[in-house]
1. Any idea which residue in the stretch 646-666 is least open to solvent (accessible area, probe 1.4 Å), counting only those that are in a loop (DSSP other than H, G, I, E, B) and touching a helix residue (DSSP H, G or I) at 6+ places or on another chain (Cβ under 9 Å)?
2. Anything in the stretch 63-97 that is more than 29 Å from Gly181 (Cα to Cα), open to solvent by less than 40 Å² (accessible area, probe 1.4 Å) and part of a loop (DSSP other than H, G, I, E, B)? List them, or say none.
3. Give just the number: which of (1) modelled with pLDDT of 90 or more; (2) surrounded by fewer than 19 Cβ atoms within 10 Å (Cβ to Cβ) does Leu292 not satisfy?
4. From (1) crowded, with 19+ Cβ neighbours inside 10 Å; (2) in a loop (DSSP other than H, G, I, E, B); (3) touching a strand residue (DSSP E or B) at 6+ places or on another chain (Cβ under 6 Å), pick out the condition that doesn't hold for Tyr150.
5. Among the residues in the stretch 626-644, are any in contact (Cβ under 8 Å) with a residue 40 or more places away in the chain, open to solvent by 20 Å² or more (accessible area, probe 1.4 Å) and among the hydroxyl-bearing types (Ser, Thr, Tyr)?
6. Does the stretch 327-341 contain any residue that is among the β-branched types (Val, Ile, Thr) and buried (at least 17 other Cβ atoms within 10 Å of the Cβ)?
7. Among the residues that make up the stretch 98-110, is at least one of them farther than 30 Å from Pro191 by Cβ, open to solvent by 60 Å² or more (accessible area, probe 1.4 Å) and without any contact (Cβ under 8 Å) to a residue 60 or more places away in the chain?
8. Does the stretch 228-255 hold any residues that are at pLDDT 90 or above and in a strand (DSSP E or B), and which are they?
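The values are calculated or read from the model by the stated rules, or taken from the named source; none is laboratory data. Predicted model only: the values in this text are computed from it and were never measured. Virtual Cβ from ideal backbone geometry, glycine too; neighbours counted across all protein chains shown. Only protein heavy atoms, including side chains, enter the accessible area calculation; ligands, DNA and RNA are left aside. Shrake-Rupley method; radii C 1.70, N 1.55, O 1.52, S 1.80 Å.
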Amino acid sequence: MFLKHSVFILSLFSLTCQAQVTDDWQEVSRQWLETEDVDASTIEEFFDHLSEKAEHPININQATREELEQFPFLMEQQVEQLLEYVSRYGPMHSLGELQMLTSLDPERLQLLRHFVYIGDAAQKDDRLRLDSVFRHGRHQVIITGKIPFYKRKGDINGYLGYKYRHSLRYQFNYYERVKFGLTGAQDAGEPFFSNRNRWGYDFYSYYLQLKDIGRIENLCLGMYRVQLGMGLIMNGGFYLGKLATLQSMGRSASVLRPHSSRSTEGYLQGAATTIRLHKNWHLTAFASYRPLDATLNKDSTARTLYYSNYHRTTTEIAKKNNTHELNLGGSVGWRKGTLYARGNFLYTYFDRPLIPLKENTPYRRYAAEGSRFFNMSIDYGYTNAKLYFSGETAMNQKGALATIHQLSYRLSHELTLIALHRYYDKKYTAFHSQSFCEGSGIQNEHGIYSGFSWHPSNKWTFNWYADYAHFAWQRYQVSMASDAFDTMLYARTLLNNKWELEGRYRLHIRQNDNKEKTMLINKTEHRVRLRLNYDMPIGLSWQTQFDGIAVSSIEKDKGWMISEHAVYVWRWFQCSAHIAYFQTDNYESRLYQYERSVLYNYSSIMLYGKGIRYTAIARADIGKHLMLMAKVGVTNYFDRSKISSGQQEVNGSSMTDIDVQMRWKF
């Protein structure tokens, strides 16, 4: 019965909503969000970060380098040109002046305007007055819940909590100079105010951030994230894949920001600060002590660190916070004009020795082992109007090296070339590293990447990359040295003011063991995507998309999906509808579908088999203070009577969820 109601709601949205369409940053940044080869938690953190930036845009006339570097889609030349424009010509008077920056292509122009505004270029006051902070600060409370209309096997017998997922987010913001936040998050199946969660939510995130107080440019207390250089020793920021690297031209950054999301990966807990030592010198220092989950050996040492995020069963909750990690680190940086250099270091200590299981798993031979670890690196770079060069070279306590360098060059306003080289020794380890790679981490890889971004006119965009990687040591399911090759071509054209066409083709070749493990065989994967966007005169924005995949290894598998998406906006009311039909041979030919969701929630659905997926979203902004939002999502499978397996198994061929959200600003 509820399924029929869902179809009716979807049809109602498609027929009755009338409005003038306004694009948003999610729609513009699809190419960053629609990434199949990036960990979901990384994309979720990226989505959460941009969601917050959209809620609190920055004054472009007072933007600092650090603030602009927090936008991963900006290239180094674009950051430099933005700062130079305001310094040379004075404050901007409209966002239209951004078109004067020759390095900003149409896509970034459209995206950037969602995160900045034009304000007075008043001189900043280093002093903070408490009365002004409390009088002019803004509060925001967001309550989110997910209601499944089905039961998993674990909901009946196995999970310690109920089947509902919910979270609470509070934030106080005073002109981006004082920020305080608290987030509580609960996954389905986790106990609430019971068992090990006697304080309510399974996970809490909290922080206090102060900015621009004398020589203290940034101070974070509580939970925070740090990115140093290109991420070889520390990256709590984002690495969003190879296409995003091409679009941002591999920009390096040193970023310190609070951790406000529900993600349990990548954050530190304690205190961190960035201090201006001199006009050209900056110091970043941090100290962190946080709990971790770990799978233990019989002697109580830690076998593996456990980042699943779930504490639903007795086994999972027994691992909760059974290990602790201490991190001490920092960076000393020098910048003069367009030239910079930084020295970075990180010390890591675990209160349980890390002893990974290496018996019968030779690919783990060089996995990190012990209690104390040390990494250090230097990163450096140079920028001018046409050329950008950056690099980082790192070493661990055993003397193993990791190094990465990239060079981009603007041949003209329309064409930019990029080349990137990396070498990660098989003995190199760094627990918080995250950077450009083909493999599963910054270890055992040597590769070269090249590409171009070409905008022959305002109506055409072409992006292309090719990447080759060699792995000298064994990997999971690969018992000898191996190679990989990856290439993608992306094209976009504006046919006229109403029609837009996008397409991408990707070829990915990886080597795996054959069944006898006597030789390597190629696993070749072809992916294609075509998307047609149309803005109707009545105010309806419509999108048609086709996805196809063909995988060839021991067997040949294929799959395809076609989807429709519509968006409407009318004054204080918005709604959207989405439907997708998919058909794949098996899990190997699975497809991914990004879909809109409630605020701060990233939603990417993995689909395989044969079925249909449809959603509908409605949002109402009631006055200036209250926002209500709801999403219904239904997945129907035509080729199975049960969904998933283990404790996640659903006894049926259909799943329906409703997400609800309320935001109150005051």
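1. Residues of the stretch 646-666 in a loop (DSSP other than H, G, I, E, B): 649, 651-653, 666.
Still in the list and also touching a helix residue (DSSP H, G or I) at 6+ places or on another chain (Cβ under 9 Å): 649, 651.
Details: Glu649: 51, Asn651: 129 Å².
The residue in question is Glu649.
2. Within the stretch 63-97, Met75, Gly90, Met92 qualify.
3. Answer for Leu292: the failing condition is (2).
4. Tyr150 satisfies all of (1) crowded, with 19+ Cβ neighbours inside 10 Å; (2) in a loop (DSSP other than H, G, I, E, B); (3) touching a strand residue (DSSP E or B) at 6+ places or on another chain (Cβ under 6 Å) except (1).
5. Within the stretch 626-644, the subset in contact (Cβ under 8 Å) with a residue 40 or more places away in the chain is 632, 634, 636, 644.
Checking which are open to solvent by 20 Å² or more (accessible area, probe 1.4 Å) leaves us with 636, 644.
Still in the list and also among the hydroxyl-bearing types (Ser, Thr, Tyr): 644.
Within the stretch 626-644, one or more residues are in contact (Cβ under 8 Å) with a residue 40 or more places away in the chain, open to solvent by 20 Å² or more (accessible area, probe 1.4 Å) and among the hydroxyl-bearing types (Ser, Thr, Tyr).
6. Applying the first criterion (among the β-branched types (Val, Ile, Thr)) to the stretch 327-341 yields 332, 338.
Then keep just the ones that are buried (at least 17 other Cβ atoms within 10 Å of the Cβ); that gives none.
No - not one qualifying residue is present in the stretch 327-341.
7. yes
8. If the condition is that a residue be at pLDDT 90 or above and in a strand (DSSP E or B), then Met234 is the only one that fits.
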